[in-house]
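Colleague: The structure's right below; bear with me while I get my questions together.
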Amino acid sequence: MRLALGAAALCLAASPALAAPAPVIPPQPPTTVSSLTVYPKTDPPKIVSSYPAAGAVVAPGVLVLKVTFDQKMLKTGFAFAAGPGGQMPACLKTPRLLNDDKTFVLLCTIGANSSYSIAINPGPQGGFANVGETRAEPTTLAFATNADPGPTDLAAAMKAEKLTDVDEPIQESEFAPPAARP
């Protein structure tokens with residue numbers, strides 16, 4: 001009989017009716033987490049090549065100024081001004097970062113028999129920076145022109161520098177209205 005009472009007590013204790021109800025947790029709304037990319041500290045980007053090269057003498061006319069860094073760069077950061085010992089070429093306001101993410105091109109015009117000097121990142125903040133937001137060291141690109149006939153249009157300037165259509169220094173703004181079609 002004792003065994004029967006013990007078994008009955010065990011059955012009652014294990015029955016769902018006598019067990020404590022599980023707590024009801026209301027569903028939580030989803031938590032949105034913005035994407036975050038953390039980049040390791042890097043050395044400042046350095047210019048590995050340019051056209052014209054530092055100290056070069058080139059023909060006057062239309063120039064696609066090209067500066068290539070050793071690291072991937074932010075397309076929104078750039079700063080340049082007239083450097084010491086020369087004038088700033090007449091250039092568009094904004095350079096274009098090419099698809100390699102390291103090379104900037106800028107459409108300019110340069111005169112004959114002139115000295116040019118471009119200060120890159122001349123100020124204490126902002127300017128050219130890599131994707132980790134490490135700013136390139138300030139530097140100067142100086143070159144001169146001769147009196148030889150040079151490129152007179154964008155196509156000739158690009159051909160002289162062995163650039164292709166994808167390297168064109170002018171790009172339509174993503175905010176520009178679509179061009180009208182005839």
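Colleague: Quick one: give the max-minus-min coordinate of the C-alpha atoms of the range 47-161 along each principal axis, largest first, in Å.
Modeller: Here the spans come out as 42, 30, 22 Å, largest first.
Colleague: Do you know the relative contact order of the range 47-161, to the nearest whole percent, from alpha carbon pairs under 8 angstrom that are 6+ apart?
Modeller: 36
Colleague: May I pose another question? If I model a spin label at Ala81 and Val131 as a point 7 Å from the Cα along the Cα→Cβ vector, what separation in nanometres do I get?
Modeller: 3.1
Colleague: If you average the C-alpha positions of the range 106-156 and of the range 40-93 separately, how far apart do those two centres end up, in angstrom?
Modeller: 4
Computed from the coordinates by the stated procedures, all read-outs in this text should not be read as laboratory data. No experiment lies behind these values; they were computed from the predicted model shown. All Cβ positions, even for glycine, are placed from backbone atoms using ideal geometry, and neighbour counts span all protein chains on display.
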